[in-house]
Every structure is written in C-alpha cells, then in structure tokens.
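Everything below concerns the one structure shown next.
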Ligand code: TRP
Ligand code: SF4
C-alpha cells in the first residue's frame with residue numbers, strides 16, 4: 001500500500017450543462033491522458049454549484065447528466081477512472097464540517113477567488129456561509145481520498161495551497177501523540193539497520209534543504225517497508241516533516257496548461273461570453289458559427305491583405321492545422337490570395353470531424369440512460385469505500401469513536 005499516494009489524481013467539475021470545445025481542449029484531453037497513468041477520481045461537483053446557484057437549482061440535475069455523458073463521449077473511461085457525483089458521498093460533507101472546526105476564518109477570507117467572484121457576480125448575494133466555505137469543501141473533496149495530484153487551472157491553484165495548509169494543521173492538531181518520539185524511534189529501529197540509516201539521512205537532508213525530491217524518495221522508502229505496521233508508517237512519514245503522524249497527506253496542484261482554445265470572438269471560450277461551440281453542436285451550426293466569426297478587420301475586401309496575428313481564426317488553425325496548412329494561411333492572408341471563407345473552411349471540416357464520433361457516442365448514451373446511471377452507481381460505490389475509510393480514521397484521531 002502506498003501511503004503517500006502520489007499517484008492518486010482527483011478533480012471535480014461543476015455541472016454547467018453541455019460542455020464545449022474549451023472544456024475538451026483545456027481540461028478533458030488532460031484528464032484522458034492522466035487516466036492512463038494514474039488512479040483517477042473525477043467527480044461532478046454538484047454541491048459546489050449550489051454555492052452560487054442556491055436559488056436556482058432546477059437546472060442542476062439535467063446538467064449533471066449532460067456533463068457526464070459528455071465526459072464519457074470524449075473518452076473518459078470508467079474502466080480506468082472512477083466517476084461519481086459529490087452529493088452521493090456524504091463523507092465529503094462530514095469531513096467539511098470537521099475541518100471547519102479548526103479552519104481560521106481569515107484563511108478563507110484571504111483566498112483571492114472569494115472577493116473576485118463576489119465582485120464578478122454582483123447581481124447575486126454571495127455573502128453566504130456556503131460561499132465563504134466553498135474552498136474548504138474543495139479541501140474535503142481532495143483530502144477524503146488522500147489524493148496526491150490535483151489537475152486544476154490557474155484560478156484553482158490557491159485552493160490547493162489552502163488545502164495543504166488545512167491538512168498540515170489537521171495533522172499537527174490530531175496527529176500528535178504523547179509518546180510520539182518513543183514510538184518513532186522504535187519504528188525506525190524496526191526498519192532494519194540499512195533502511196534506518198538511509199531514512200535518517202534523507203530526513204536530515206530534507207529538514208536542512210526542504211528538497212521535495214528528497215522527501216518523495218524518503219516517502220517511497222517508508223512505503224516500501226514490508227515489516228512495519230500502518231500506524232508506524234504514518235509516524236515515519238509524519239516524522240519526515242514534523243512531529244506528528246500524517247493523517248491527511250498534502251496534495252500538489254497539477255497545473256493544466258491554460259487552454260489554447262479561444263472563443264469565437266478571440267476571448268477565452270466560455271459560456272458566459274456566449275462564444276462557444278458545444279460538443280453537441282450540429283454540423284450546420286458549426287459551419288454557421290465559424291463562417292460568421294470576426295476576422296482581421298483590415299480585410300474589408302477580398303483584395304485587402306491581412307495579418308493572422310490579429311485574427312481569432314488563426315488561433316483555431318494553431319489547434320487544428322498542420323504546418324503546410326498554416327503556411328498556406330500565412331501567405332494567403334498576408335498576400336490576399338485567399339479569402340477569409342477559404343481560410344475558415346478547413347477549420348469547419350476539422351471541428352465537424354472531431355465532433356462526429358463524440359456525438360455518435362453521446363447519442364448512444366442518451367438512448368441508454370441506464371448505462372450512464374450504472375457507471376455512476378459503480379463509481380460512487382468505489383469512491384464511497386475510500387471515503388469511508390478516511391472518515392473512520394479521522395473520527396478516531398479526533399476521539400469521536402463510541403464503542
Ligand atoms: N472548484 C472547482 C471549480 O470550480 C471544482 C472542484 C470542486 C474541484 N472540488 C474540487 C477541482 C476538487 C479539483 C479538486 O472548477
Ligand atoms: Fe483571418 Fe484567415 Fe481571414 Fe487572414 S485569411 S484574416 S487568418 S480568416
């Protein structure tokens with residue numbers, strides 16, 4: 001068993017309805033790669049949707065289904081990744097509550113998204129308890145699976161950092177034992193002479209230099225010990241970093257490169273800008289949307305030369321076109337030898353070709369909602385098992401076991 005679980009990946013997405021090309025190129029393609037390499041947990045963050053949509057819950061359920069169908073249709077594979085719905089796992093809520101007891105208000109108030117989002121969503125009353133606590137709910141999402149790697153966009157990195165602080169504080173408060181030093185010394189002895197010496201050296205190096213690589217080598221050494229009890233392993237892991245057992249390991253953010261996928265207007269593709277191409281967009285609508293996309297305003301007539309750097313269509317070519325095609329665009333645009341509609345045609349063809357198999361699969365899932373329900377039921381069952389184990393441990397160290 002790998003206690004530090006460096007290879008458990010977890011990420012959540014709010015149910016915002018049908019997904020678009022921005023999600024595909026920004027997030028989902030990344031998830032698809034990760035699922036081949038790591039133990040992945042991907043979940044629908046429906047409680048998170050409530051933190052801003054508490055007065056408008058009618059659309060959430062259908063958004064959940066649409067989103068999961070889109071995940072499956074693009075190739076998120078339930079055979080490789082565990083897919084589930086947050087609210088089906090009540091342990092998220094229980095851990096959130098327990099963590100809330102020891103989380104300073106000031107930590108929540110200083111998270112940048114708190115004030116930013118309140119500013120941005122001015123038409124909503126977001127001076128609520130749930131909204132302030134939303135990053136802590138996210139911490140519970142992560143810590144309940146002891147996930148080591150959290151693929152997120154730039155805007156979410158602060159939440160993972162916050163989660164690290166929450167975990168550290170929890171371990172500090174509840175991982176302490178009166179006889180920790182004695183027990184740790186005993187555990188080190190049990191490793192055997194050679195490993196004990198390596199362990200002590202690595203610990204010393206880590207404490208002096210704070211080198212993350214040294215830490216992970218030391219953690220792997222502890223994980224590999226065959227003759228050491230689980231409790232002792234946690235002591236040995238905790239002792240590397242401090243004076244307490246590690247109950248909730250600190251996660252790392254896995255920064256997703258920001259999506260190169262621009263919207264139809266050159267801004268970031270986002271539902272709130274109404275500049276999206278949905279994964280369920282019909283071929284006809286794709287064609288219409290691309291044909292009416294703005295181009296370099298200098299190209300008023302077909303004979304006016306343009307500059308691809310001033311044109312959002314060019315950014316689509318960066319994603320969809322090979323070298324030859326891109327050269328064709330560059331020369332054709334700058335010398336006015338191609339028209340903008342000529343330039344857009346290969347993009348239209350590429351997007352339609354990209355979406356066709358996705359839509360075919362989505363159609364199958366929509367015709368068989370039972371299969372989607374079964375996939376989620378199975379994922380929830382798996383996730384719940386892990387979450388239950390963590391909560392048992394958490395209750396125990398907090399002294400909440402009544403037997
Ligand atoms: N807060 C994330 C968002 O709004 C979604 C999310 C919820 C999440 N819980 C998470 C992401 C846990 C990663 C890990 O996009
Ligand atoms: Fe944009 Fe292509 Fe028209 Fe140039 S030719 S302005 S790159 S659409």
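Each reported figure results from applying straightforward, stated rules to the coordinates on display, with no laboratory input. Remember, predicted model here, so these are calculated numbers, not experimental data. No Cβ is skipped: glycine too gets one built from the backbone with ideal geometry, and neighbour counts run over all protein chains shown.
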Pairs of alpha-carbon atoms within less than 8 angstrom and 6+ residues apart define the contacts here; what relative contact order does the range 40-102 have, in percent?
55 percent
Alpha-carbon centroid distance for the pair the range 342-403 / the range 265-332, whole angstrom
32 Å
The chain, Gaussian network, Cα under 10 Å: of 165, 80, 33, the residue fluctuating most is 33
Any idea what angle helix 60-74 forms with the longest principal axis of the chain, computed on alpha-carbon atoms, 0 to 90 degrees, nearest 10?
80 degrees
Would you compute, for the Cα atoms of the range 361-403, the largest minus smallest coordinate along each principal axis and list the three values in descending order, in whole Å?
50, 16, 9
Given a cut-off of under 8 Å on Cα pairs at least six residues apart, what relative contact order in percent is computed for the range 106-159?
42 percent
Find how many whole Å separate the alpha carbon centroid of the range 203-234 from the alpha carbon centroid of the range 21-93.
33 Å
Could you tell me how many degrees, from 0 to 90 and to the nearest 10, lie between the Cα long axis of helix 340-367 and the main elongation axis, the longest principal axis, of the Cα atoms of the chain?
50 degrees
Return the single residue from 219, 382, 345 with maximal mean-square fluctuation; model: Gaussian network over the chain, springs between Cα atoms under 10 Å.
345
How far, in degrees from 0 to 90, does helix 180-190 lean away from the longest principal axis of the Cα atoms of the chain, to the nearest 10?
90 degrees
Percent relative contact order of the chain, based on C-alpha pairs within less than 8 angstrom and at least six residues apart?
22 percent
Which residue, 340, 380, 40, tops the fluctuation ranking in a GNM of the chain built on C-alpha contacts under 10 Å?
340
Counting other C-beta atoms within 10 Å, which of 84, 180 has the fewest, and how do the rest follow?
180, 84
Write down the percent of antiparallel bridges among all DSSP beta bridges whose residues are both part of the chain, to the nearest 5.
10 percent
When 301, 169 are ordered from fewest to most other Cβ atoms inside 10 Å of their Cβ, what list results?
301, 169
Can you sort 348, 247, 319, 142 by how many other beta carbons sit within 10 Å, fewest first?
319, 348, 247, 142
Ellipsoid semi-axes in whole angstrom, largest first, where each is sqrt(5λ) of the Cα gyration tensor of the range 280-366
28, 13, 9
